[in-house]
Number of protein chains: 4
Amino acid sequence: MAEYQASTAEQTLKIDDLAALEPLVKANMEPGAFGYIQGGAETEWTMAENTRAFDHAQIVPRVLQDLENPDLKTSLFGIPLQTPLIDAPAAAHGLAHEHGELETASAVAAEGTIMSASTYSNERVGDIAKAGHGAPQFFQLYMSNDDGFNHWILDQAVASGYRAIILTADASLGGYREADVKTGFQFPLPMINLADYSANDGSGEGLNIMQIYAKAKRKLSLADIDAIASYTNLPVIVKGVQSPADAMAAIGAGASGIWVSNHGGRQLDGGPASFDVLPDIASAVNHQVPIIFDSGIRRGEHAFKALASGADVVAFARPLFYGLNLGGIDGVRSVIQHFNQELTITMQLAGTKTIEAVKQTELLWR
Amino acid sequence: MAEYQASTAEQTLKIDDLAALEPLVKANMEPGAFGYIQGGAETEWTMAENTRAFDHAQIVPRVLQDLENPDLKTSLFGIPLQTPLIDAPAAAHGLAHEHGELETASAVAAEGTIMSASTYSNERVGDIAKAGHGAPQFFQLYMSNDDGFNHWILDQAVASGYRAIILTADASLGGYREADVKTGFQFPLPMINLADYSANDGSGEGLNIMQIYAKAKRKLSLADIDAIASYTNLPVIVKGVQSPADAMAAIGAGASGIWVSNHGGRQLDGGPASFDVLPDIASAVNHQVPIIFDSGIRRGEHAFKALASGADVVAFARPLFYGLNLGGIDGVRSVIQHFNQELTITMQLAGTKTIEAVKQTELLWR
Amino acid sequence: MAEYQASTAEQTLKIDDLAALEPLVKANMEPGAFGYIQGGAETEWTMAENTRAFDHAQIVPRVLQDLENPDLKTSLFGIPLQTPLIDAPAAAHGLAHEHGELETASAVAAEGTIMSASTYSNERVGDIAKAGHGAPQFFQLYMSNDDGFNHWILDQAVASGYRAIILTADASLGGYREADVKTGFQFPLPMINLADYSANDGSGEGLNIMQIYAKAKRKLSLADIDAIASYTNLPVIVKGVQSPADAMAAIGAGASGIWVSNHGGRQLDGGPASFDVLPDIASAVNHQVPIIFDSGIRRGEHAFKALASGADVVAFARPLFYGLNLGGIDGVRSVIQHFNQELTITMQLAGTKTIEAVKQTELLWR
Amino acid sequence: MAEYQASTAEQTLKIDDLAALEPLVKANMEPGAFGYIQGGAETEWTMAENTRAFDHAQIVPRVLQDLENPDLKTSLFGIPLQTPLIDAPAAAHGLAHEHGELETASAVAAEGTIMSASTYSNERVGDIAKAGHGAPQFFQLYMSNDDGFNHWILDQAVASGYRAIILTADASLGGYREADVKTGFQFPLPMINLADYSANDGSGEGLNIMQIYAKAKRKLSLADIDAIASYTNLPVIVKGVQSPADAMAAIGAGASGIWVSNHGGRQLDGGPASFDVLPDIASAVNHQVPIIFDSGIRRGEHAFKALASGADVVAFARPLFYGLNLGGIDGVRSVIQHFNQELTITMQLAGTKTIEAVKQTELLWR
């Protein structure tokens, strides 16, 4: 395999809108890697519906509300955030940029929000933490069938100061991602955490995502929540929830947060848009624990609608990946700043001064 | 900046339909100026939905109603109108034509309806009034943070005989208009009222709309309604209302009219089509004050549907702009005449002889 | 004006489906004439929706119903019909073929169904009757403001043996047909009935449809029904009904039949699909008088759905026009035969042996 | 007629997704034959809606369900199946491959599921049975008007060990398939069972499907069910049911299974998507007899949705035909294996370990 040529770009981006980054990244990246990052499962109906679904509800603007300078600050688990947007976990930032997760971490920290480091990162857990310079970070666990690995990686996360563990619950198997099938994409770079733990088990390099997931634990269960929480003494966020029943079961089993997501449409195709299931989940959770929402957000208005439908914070991964690819640290920051600009405008025009006010807003569902 | 070349056309237009004017204007105008006039906010979903939404309700034609020659005459605040269409306020008619608002005012007066002069006009408030030769006109106020300016401009409006003040409530910040972002559009001509008041503060020339709005008052509040009404002794119409709650609050705070509009989809994207929120607002207002409706009207049938859904008069701006660009005074008149022709045909075929009868019509919502 | 070159084709047509005839006719006819025949009003939304609306309801096939050879025979006003399809009235068959209405009448008669001759035909009322060789025909009246003309033409219809008068109620003004506006279409041939009555008033030649309708009576009223019925002693069918209220009023005023139609989307744009209003009208009429349905039918399945929704017989005009243009008498017959074939297949597969059984079928509305 | 050149391919296929096979087959087959296999009735609305309809319901993924290795095994009439997918009957496999049904039977048997042999096969009933090497098979009867033929063919089916008779109820006449009309397709190969019975009646060679169906029994009735059951002592499955009423009538008349199908959209156009009528039929049947479902399934997720909506097993024909054409025995096996892979992934991600669990799943209808 020829050596993978990752981007080395370092620049502030002039961003018209986040969707417009995709063709630029496509032209700037090896097709297989781009397909892996951009693609969804099977027909990509669920992936596309994720974004289309935001049109199912409208923001009714309120006027003459005597406000200016909307404030995007909020908090999660007591962690103050400069924006209600956090970084959604994603494998292999090294595909986007030679310094991968290190630059993402640095940029996200500079923007005052949370980086979610993946088990399948190309940089070490501890190095990502250092790149964040003490900013709060979450660690996303893909559980292994080897509990030795799970303990080893969680030990590092705890030692590195991560503030919560994200348990990926929706990847007990790899979704059928046709872009990867068609390009024959295999990870060109080692998953460094896997490599460090045991050379025998392999680093993931030269495998595709289905093969990597195949080494992970499939029999994920509610008991894993408490096991992780007890082992780490950290809040556990269950990521990949799409039903009120699972949300309530996870909370009952010790989850400190619910991450409503369908993995950006990359796992189960034929499932609902993540936004469409959010209101019922939020209604069931009823503020017992915070709700993080992802899947399909590309606009400030999308975030507004998710927050108004029960999310406490929102997240995305692909746009940050695109920023990383096109501009490194400053590229990621440009993406967050652009998002913040759109959300600020939306809040002002909707007549909402605070994130709390956004959450109180009633959307018009059609 | 090269000097802006505005149209000098003076001609009657042969109009097939108003939508067909847009490509003609696009070919006839500098791209940045055209983008500013034509474009909407962000994805332009709300802008497009504004017109699509008229398909949500259908006019059930009534036959054998023993009528001919439908009568478009109506009135607003006791002002007799030859048509239920008035001119919606819009900044910078100078982009469309070298004589800008003067020609619009002249044409609108000749067609027996109301010109709405904008704070951000390229012609002086008093000159626009004179160009109307005594025809009734409204003045649209973009409030400044500088109350001195507000008083100065309102004084002129009163002195010039304007009949009502339109308080723009939905522009406490500029919408994110991607066409302007992409073209880097800046106003090539001075906003003459700003220029007159104070050279220091600038005329708007060389700024984009977000920068201009940034100089305006963001903390618009209900109290502004009565302040303007008391200062001018003129009826105040609150423009940009999209919810029954805001309509009722504005009336409670002294509004003499409610202008249902989402600024033609140029402010908040992700909001509902203006037509879709009209019936509930009308129901709440319940004829306490007149309702003016805009956003998306391009056809006589659209106007019919808005009138049948609670509007007392309707308005649009872009088609008049297009007429102004392509034909000056006669171009604007051609647009109004074409609209009137379509509305007349619709009324006859729907079996409605008067605007009052149109208002009594029940649409078929699907 | 150069002499109009009408088709002289005489041939049986191999028809795949009726929609496929349209491009053939387009290639075979002067653009203005084709635009007049094919086009609808304004945006053509209602015209397109007419056909799309048949997808709003589905035929649930019934199996093992012990039947074969479905029988298309039915009757209207006691007139036996070989098919539930009759010819919808349309002006100026001379545009399609040099022998115009004479060939249509001959073909329709041969197929055992009813020709509807228009006031605005290119052949004389009496000649059309003769061409039908005694087959039952209806006469469609566009009322004139000149009662002399109305009496003169009705006298001819009665004398020629027409069996019913169709009062066109939805054309008190010409719809705004953009194809005609764009091509500047004017009728190249005289409306022979107009010409015969008075050379002074003109034959319609050199006028467009809006100018011709402008000479017609606009103040159509319920009283016209009884006036025509009394004068002719023939059943009067009111054509252009789209609401239960108008249907009931017409019956109350003496109508012997209700023709549910929106003139093929050629009059009021922004109105509902004719099929969508049919069930409520049928429910109100409740079999007091027969219902004829047109607008949008291009398939046997469409006719089935209309019959199952309350129509007693169905009609169309454009496909017959296309058959006339491409093949004269045999072309018209080919169109009817193809339609009959599709309807027969639909009936058999739906499990309905008779037209009466079709009418008893419950569709699945979605 | 030039001799038909059928495919002789024998190869395992690399399948991205089943829909992607269609263009490959189109390039590999004579246009008329491809049109016959791929095409649907009239506008193909029902055909397209069959697949679109699966988007009407969504699978809500369940997480942390403590499961792995979902099990696709199920059974039908006590016959164990390795997958809930069976082969839907289809005429003339010889169009796809020189060994036609023999290879399909062999492949289906190897994959542990059921072949449905058609009356209109190109291989003899007995030979197909032998090619299955004892694997369970069903025989699909197109009833003839000649009871002699019916008895003769059923005798063979019984003698050859077929396990059930599928009575095709929705083909009492051929649907109007425009692809066949346009290409003038006639079967280039004999229907061997027809040929064997009587040379006089013809083998179907040189006829189109409408002509072949025309020789079949049209007056299919409920009494046929018991007649076949009594004659064969085999369970009779009624295929082509789209309504609860027909399902209950068939069961009352002795049916041992209900096959919900609209013949892949090849018979009645303008009918509902088969998936849309499934829930109500399942609700009425209420597990009295098993339900087989086909029409539109192209994905594992579609099968999941059908099973979750009341189907006991699912079926398709076109994708198997495509596999047969492109790869013979191994091609058919590749198709089944790919389908199984998709269904396995869907089941794991949905949180369902068994087919029984899939059936208990509640979909989210929108």
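Starting from the stretch D:13-26, take each residue that is part of a loop (DSSP other than H, G, I, E, B) and list its partners that are open to solvent by 60 Å² or more (accessible area, probe 1.4 Å), counting only C-beta distances under 8 angstrom and pairs at least six apart or across chains.
Listed pairs, sorted by first residue: D:Leu13/D:Asp330; D:Asp16/A:Lys182; D:Asp17/A:Thr43.
Within the stretch A:307-366, how many residues are open to solvent by 20 Å² or more (accessible area, probe 1.4 Å) and on the phi > 0 side of the Ramachandran plot?
1
Regarding the stretch C:134-145, can at least one residue be identified that is more than 14 Å from every other protein chain (Cβ to nearest Cβ), in contact (Cβ under 8 Å) with a residue 24 or more places away in the chain and part of a helix (DSSP H, G or I)?
For the stretch C:134-145, residues more than 14 Å from every other protein chain (Cβ to nearest Cβ), in contact (Cβ under 8 Å) with a residue 24 or more places away in the chain and part of a helix (DSSP H, G or I): absent.
Out of A:Ala195, A:Ala216, which single residue is within 14 Å of chain D (Cβ to nearest Cβ) and either on the phi < 0 side of the Ramachandran plot or open to solvent by 30 Å² or more (accessible area, probe 1.4 Å) (or both)?
Details: A:Ala195 fails: within 14 Å of chain D (Cβ to nearest Cβ).
Among A:Ala195, A:Ala216, only A:Ala216 is within 14 Å of chain D (Cβ to nearest Cβ) and either on the phi < 0 side of the Ramachandran plot or open to solvent by 30 Å² or more (accessible area, probe 1.4 Å) (or both).
Hey, among C:Ser243, C:Ser203, which residue is more than 13 Å from chain B (Cβ to nearest Cβ) and either more than 20 Å from the chain's Cα centre (by Cα) or buried (at least 16 other Cβ atoms within 10 Å of the Cβ) (or both)? Please lay out each step first, then the result.
Working: C:Ser243 fails: more than 13 Å from chain B (Cβ to nearest Cβ).
The match here is C:Ser203.
Being open to solvent by less than 20 Å² (accessible area, probe 1.4 Å) and either polar (S, T, N, Q) or on the phi > 0 side of the Ramachandran plot (or both) narrows it down to one of D:Glu101, D:Glu49, D:Glu42, so name that one.
Working: D:Glu101 fails: either polar (S, T, N, Q) or on the phi > 0 side of the Ramachandran plot (or both); D:Glu49 fails: either polar (S, T, N, Q) or on the phi > 0 side of the Ramachandran plot (or both).
None of the others qualify; the one that does is D:Glu42.
Just checking, how many residues over the stretch D:209-242 are of a type in the set (Gly, Ala, Ser) and within 16 Å of D:Gln288 (Cβ to Cβ)?
Taking the stretch D:209-242 and keeping what is of a type in the set (Gly, Ala, Ser), we get D:214, D:216, D:221, D:223, D:227, D:229-230, D:240.
Restricting the remaining residues to those that are within 16 Å of D:Gln288 (Cβ to Cβ) gives D:229.
The total comes to 1.
From the set of residues in the stretch A:168-183 that are at the interface with chain D (Cβ under 7 Å from one of its Cβ atoms) and part of a helix (DSSP H, G or I), which is farthest from A:Ser221 (Cα to Cα)?
A:Lys182
I'd like the full set of residues that are closer than 21 Å to C:Ala6 by Cβ and in a loop (DSSP other than H, G, I, E, B), limited to the stretch C:120-133.
Passing the criteria: C:Tyr120, C:Ser121, C:Asn122, C:Glu123, C:Arg124, C:Gly132.
More than 14 Å from chain B (Cβ to nearest Cβ), closer than 19 Å to A:Gly204 by Cβ and part of a strand (DSSP E or B), is that true of A:Ala117?
Working: more than 14 Å from chain B (Cβ to nearest Cβ): yes; closer than 19 Å to A:Gly204 by Cβ: yes; part of a strand (DSSP E or B): yes.
Yes, satisfied.
Among the residues of the stretch D:49-64, which ones are touching a Leu at 6+ places or on another chain (Cβ under 8 Å) and within 7 Å of chain A (Cβ to nearest Cβ)? Reasoning before the result, please.
Taking the stretch D:49-64 and keeping what is touching a Leu at 6+ places or on another chain (Cβ under 8 Å), we get D:57-61, D:63-64.
Scanning the stretch D:49-64 gives D:Gln58, D:Ile59, D:Val60, D:Pro61, D:Val63, D:Leu64.
State whether one or more residues within the stretch D:77-87 are within 16 Å of the chain's Cα centre (by Cα), in a loop (DSSP other than H, G, I, E, B), at positive phi and not β-branched (Val, Ile, Thr).
No, the stretch D:77-87 contains no residue that is within 16 Å of the chain's Cα centre (by Cα), in a loop (DSSP other than H, G, I, E, B), at positive phi and not β-branched (Val, Ile, Thr).
Can you tell me which of (1) part of a helix (DSSP H, G or I); (2) crowded, with 20+ Cβ neighbours inside 10 Å is the one A:Tyr162 doesn't meet?
Single failed check for A:Tyr162: (1).
Would you confirm whether any residue within the stretch A:303-316 is within 11 Å of another protein chain (Cβ to nearest Cβ), part of a loop (DSSP other than H, G, I, E, B) and at pLDDT 95 or above?
No, the stretch A:303-316 has no match at all.
Taking the condition within 14 Å of the chain's Cα centre (by Cα) and modelled with pLDDT of 95 or more, does A:Gly270 pass? Full working, then the answer.
On the way: within 14 Å of the chain's Cα centre (by Cα): no; modelled with pLDDT of 95 or more: yes.
Considered against the rule, which asks whether it is within 14 Å of the chain's Cα centre (by Cα) and modelled with pLDDT of 95 or more, A:Gly270 comes out as no.
Tally time: how many residues in the stretch A:146-167 are farther than 16 Å from A:Lys215 by Cβ and either of a type in the set (Ser, Thr, Tyr) or more than 14 Å from every other protein chain (Cβ to nearest Cβ) (or both)?
Initial filter on the stretch A:146-167 (farther than 16 Å from A:Lys215 by Cβ): A:151, A:154-167.
Filter once more, so that each one left must be either of a type in the set (Ser, Thr, Tyr) or more than 14 Å from every other protein chain (Cβ to nearest Cβ) (or both): A:151, A:154-165.
Counting residues in the stretch A:146-167 that are farther than 16 Å from A:Lys215 by Cβ and either of a type in the set (Ser, Thr, Tyr) or more than 14 Å from every other protein chain (Cβ to nearest Cβ) (or both) gives 13.
Based on what the data block shows, is B:Gly270 crowded, with 24+ Cβ neighbours inside 10 Å and either within 29 Å of B:Lys353 (Cβ to Cβ) or within 14 Å of chain C (Cβ to nearest Cβ) (or both)?
Working: crowded, with 24+ Cβ neighbours inside 10 Å: yes; either within 29 Å of B:Lys353 (Cβ to Cβ) or within 14 Å of chain C (Cβ to nearest Cβ) (or both): no.
Taking the combined requirement at face value, the residue does not satisfy it.
Can you name the number of the only condition in (1) assigned to a loop (DSSP other than H, G, I, E, B); (2) without any contact (Cβ under 8 Å) to a residue 60 or more places away in the chain that B:Ala245 fails?
Just one mismatch for B:Ala245, condition (1).
Does the stretch B:71-103 hold any residues that are in contact with a strand residue (DSSP E or B) (Cβ under 7 Å, 6 or more places away or on another chain) and either modelled with pLDDT under 95 or not hydrophobic (A, V, I, L, M, F, W, C) (or both), and which are they?
In the first step, residues of the stretch B:71-103 are kept if they are in contact with a strand residue (DSSP E or B) (Cβ under 7 Å, 6 or more places away or on another chain); the result is B:71, B:73-77, B:81, B:84-91, B:101.
Result: B:Asp71, B:Lys73, B:Thr74, B:Ser75, B:Pro84, B:Asp87, B:Pro89, B:Glu101.
Are any of the residues in the stretch C:125-139 modelled with pLDDT of 95 or more, among the polar types (S, T, N, Q) and either in contact with a Phe, Trp or Tyr (Cβ under 7 Å, 6 or more places away or on another chain) or open to solvent by less than 10 Å² (accessible area, probe 1.4 Å) (or both)?
yes
Here are A:Asp180, A:Asp170: which of them is in contact with a helix residue (DSSP H, G or I) (Cβ under 9 Å, 6 or more places away or on another chain), farther than 21 Å from A:Ser256 by Cβ and charged (D, E, K, R)?
Every option except A:Asp180 fails the conditions.
Within the stretch D:65-76, track down each residue that is facing another protein chain (nearest Cβ under 9 Å) and either within 24 Å of the chain's Cα centre (by Cα) or part of a strand (DSSP E or B) (or both).
If the condition is that a residue be facing another protein chain (nearest Cβ under 9 Å) and either within 24 Å of the chain's Cα centre (by Cα) or part of a strand (DSSP E or B) (or both), then D:Gln65 is the only one that fits.
Within the stretch A:79-90, is there a residue that is within 14 Å of A:Arg333 (Cβ to Cβ), buried (at least 24 other Cβ atoms within 10 Å of the Cβ) and charged (D, E, K, R)?
To start, the set of residues in the stretch A:79-90 that are within 14 Å of A:Arg333 (Cβ to Cβ) comprises A:82-83, A:85, A:87.
After this cut, where a residue has to be buried (at least 24 other Cβ atoms within 10 Å of the Cβ) as well, the list is A:85, A:87.
Checking the rest, the ones that are also charged (D, E, K, R) come to A:87.
Within the stretch A:79-90, one or more residues are within 14 Å of A:Arg333 (Cβ to Cβ), buried (at least 24 other Cβ atoms within 10 Å of the Cβ) and charged (D, E, K, R).
Would you say A:Leu18 is closer than 22 Å to A:Gln337 by Cα and either open to solvent by less than 30 Å² (accessible area, probe 1.4 Å) or of a type in the set (Ser, Thr, Tyr) (or both)? Break it down into steps so the answer makes sense when it comes.
On the way: closer than 22 Å to A:Gln337 by Cα: yes; either open to solvent by less than 30 Å² (accessible area, probe 1.4 Å) or of a type in the set (Ser, Thr, Tyr) (or both): yes.
Answer is yes for this residue.
Taking the options A:Ile292, A:Ile297, name whichever one is out of contact with any helix residue (DSSP H, G or I) (no Cβ under 9 Å at 6 or more places or on another chain), at pLDDT 95 or above, buried (at least 23 other Cβ atoms within 10 Å of the Cβ) and away from every other protein chain (no Cβ under 11 Å).
On the way: A:Ile297 fails: out of contact with any helix residue (DSSP H, G or I) (no Cβ under 9 Å at 6 or more places or on another chain).
Of A:Ile292, A:Ile297, the one residue that is out of contact with any helix residue (DSSP H, G or I) (no Cβ under 9 Å at 6 or more places or on another chain), at pLDDT 95 or above, buried (at least 23 other Cβ atoms within 10 Å of the Cβ) and away from every other protein chain (no Cβ under 11 Å) is A:Ile292.
Looking only at the stretch D:324-366, which residues are in a helix (DSSP H, G or I), at the interface with chain A (Cβ under 10 Å from one of its Cβ atoms) and of a type outside the set (S, T, N, Q)? Break it down stepwise before answering.
First, pick out the residues of the stretch D:324-366 that are in a helix (DSSP H, G or I): D:324-350, D:355-360.
The next check asks that each one be at the interface with chain A (Cβ under 10 Å from one of its Cβ atoms); those that pass are D:338, D:341-342, D:344-350.
Within the stretch D:324-366, D:His338, D:Glu342, D:Ile345, D:Met347, D:Leu349, D:Ala350 qualify.
For the stretch B:347-364, check the following and say yes or no: at least one residue is within 21 Å of B:Asp55 (Cα to Cα), within 18 Å of the chain's Cα centre (by Cα) and modelled with pLDDT of 95 or more.
Looking through the stretch B:347-364, none of the residues is within 21 Å of B:Asp55 (Cα to Cα), within 18 Å of the chain's Cα centre (by Cα) and modelled with pLDDT of 95 or more.
From (1) within 14 Å of chain C (Cβ to nearest Cβ); (2) open to solvent by 10 Å² or more (accessible area, probe 1.4 Å); (3) not in a helix (DSSP H, G or I), pick out the condition that doesn't hold for D:Ile258.
The single condition D:Ile258 does not satisfy is (2).
The values are calculated or read from the model by the stated rules, or taken from the named source; none is laboratory data. Small disclaimer: the values here were computed from a predicted structure and weren't measured. Counting neighbours? That spans all protein chains shown, and the Cβs are built from the backbone with ideal geometry, glycine included. Side chains included, ligands, DNA and RNA excluded: accessible areas come from the protein's heavy atoms. Shrake-Rupley method; radii C 1.70, N 1.55, O 1.52, S 1.80 Å.
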